[in-house]
Amino acid sequence: MKANHEIPQAITEAVTALLRPYVPGLTAAKLESAICFVPDAEPVERLLSRRESAVALSVSIPTLDRMLRDGELPRRRIRGTVRIPQSAIESIKRGEGGLL
């Protein structure tokens, strides 16, 4: 997938010529596709620690733990630690309720 802007051919050829000794097989097309790369994947959602989540919601950690226990917040367990999706925190802050 290409970006909306084009790199002038003279520039891509000049840069390709300069980089060719360091990157064998580099072509102007490969260079342009690497520079104009637009990923198709969605960004990875940020997971917050219990402390970060409690601060974001302005609640104590015991209150946050009750919210997790009661199912008001989803949790992800990663190697023994609990992480909360930032989207769940933002949902509660927008007033969309705690049950997701």
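The values are calculated or read from the model by the stated rules, or taken from the named source; none is laboratory data. All values derive from a computational prediction rather than experimental measurement. Every residue, glycine among them, receives a Cβ derived from its backbone with ideal geometry; neighbour counts consider all protein chains shown.
Key figures
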quantity	calculated
Selected residue (criterion: farthest from residue 45 (Cα to Cα)) from residues of region 61-100 that are in a helix (DSSP H, G or I) and among the aliphatic types (A, V, I, L, M)	61
Pairs where the first residue, in region 21-37, is in the same structural domain as residue 11 (by TED's automatic domain parsing) and at pLDDT below 85 and the second is surrounded by fewer than 12 Cβ atoms within 10 Å (Cβ to Cβ) and among the charged types (D, E, K, R), C-beta under 7 Å, 6+ apart	36/2
Residue identified as part of a helix (DSSP H, G or I) and touching a strand residue (DSSP E or B) at 6+ places or on another chain (Cβ under 9 Å) among 45, 52, 13	52
